[in-house]
1. Leaving ligands, DNA and RNA out of it, report the carbon-plus-sulfur percent of the accessible area of the chain at a 1.4 Å probe.
2. Which is the longest run of the chain containing none of the GluC sites (Glu not before Pro) found in DSSP loop states (not H, G, I, E, B) with at most 12 other C-beta atoms within 10 Å?
3. Determine the per residue accessible area of the stretch 82-197 with all protein chains present and a 1.4 angstrom probe, expressed in square angstrom.
4. Relative to the compact-globule scaling 2.2 N^0.38 Å, provide the ratio for the alpha-carbon radius of gyration of the stretch 90-150.
5. Name the aspartates and glutamates eligible as straight-distance cross-link partners of residue 99: C-alpha to C-alpha under 13 Å, and not fewer than 8 places from it in the same chain.
6. Treat every Asp and Glu Cβ in the stretch 14-168 as -1 and every Lys and Arg Cβ as +1, leave all other atoms uncharged, and give the resulting dipole magnitude about the Cα centre to the nearest 20 debye.
7. Using the alpha-carbon centroid of each, what span in Å lies between the stretch 166-215 and the stretch 52-127?
8. Identify all aspartates and glutamates with a Cα-Cα distance to residue 181 below 16 Å; exclude those on the same chain that are fewer than 8 residues away in sequence.
Amino acid sequence: MAKVIIFGILDTAELAHWYLEHDSENEVVAFTVNQEYLKEKSFKGLPVVAFESLEDKYPPSQYKLFAPMTGRKMNQLREKVYLAGKEKGYEYISYISSKATVCGNEIGENCFILEDNTLQPFTKIGNNVVLWSGNHIGHHGEIKDHVLFTSHVVMSGHCTIESHCFLGVNATIRDYSHLAKGTLLAMGASLTKQKTEEWGVYVGNPAKKLEGKISHELY
């Protein structure tokens with residue numbers, strides 16, 4: 001059990017609060033946002049404090065952070081917050097739903113893994129990864145840091161997902177595929193060619209690269 005501060009006060013933070021309160025042994029004690037966004041003193045009945053001075057009231061020796069933010073800018077905004085917390089000396093919790101299927105997988109910190117995810121054996125999950133509801137994560141694969149799967153994504157066996165990738169709803173990845181850093185696989189796209197290019201955007205079935213588009217500029 002840990003005493004936890006959640007970063008943010010928008011939808012994802014509200015959802016994180018609900019999941020931690022209803023399906024974990026952790027206790028949420030506060031929320032935090034950057035000073036420029038500090039408009040309210042409380043959220044969900046708990047204090048909201050400026051991230052810049054968070055350690056003054058909630059020292060990292062006694063509290064942990066959780067920052068399950070959305071994937072904007074191809075997860076680079078979430079990465080920035082995650083690293084800023086690490087620089088302050090905080091450890092992060094991960095949330096893994098009791099309704100997810102896990103098989104002793106190696107899972108990093110600040111991961112948000114919701115209900116009905118199936119993580120097959122021998123697949124590793126890095127740090128700062130979000131797996132929304134209902135994904136299939138195939139065996140003998142690896143999802144690296146700062147990645148976001150939306151819902152109902154099928155990742156077949158022996159795949160490698162490099163950092164900063166974003167997978168849209170109902171995307172499908174064939175076995176032995178290698179998604180390069182910053183790949184955006186769009187909603188309903190079916191990747192059959194096994195390799196992508198860094199910061200590329202892929203759409204359709206079979207998925208094809210949108211020429212002239214850079215993922216972190218598009219999303």
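1. Details: 5210 of 10510 Å².
That fraction is 50 percent.
2. Numbers: sites that count: 25, 40, 106, 211.
No qualifying site falls inside 107-210, the longest such stretch.
3. 39
4. 0.98
5. In chain and number order, the partners are 23, 115, 116.
6. 300
7. What the calculation gives is 24 Å, centre to centre.
8. 79, 142, 145, 162, 197, 198, 217
The values are calculated or read from the model by the stated rules, or taken from the named source; none is laboratory data. Only a predicted model underlies this, so the values are computations on that prediction, with no experimental measurement involved. Because the Cβ atoms are built from the backbone with ideal geometry, glycine has one as well, and the counts that use them run over all protein chains shown. Side chains are part of the model used for accessible areas, which takes the heavy atoms of the whole protein and leaves out ligands, DNA and RNA. Shrake-Rupley method; radii C 1.70, N 1.55, O 1.52, S 1.80 Å.
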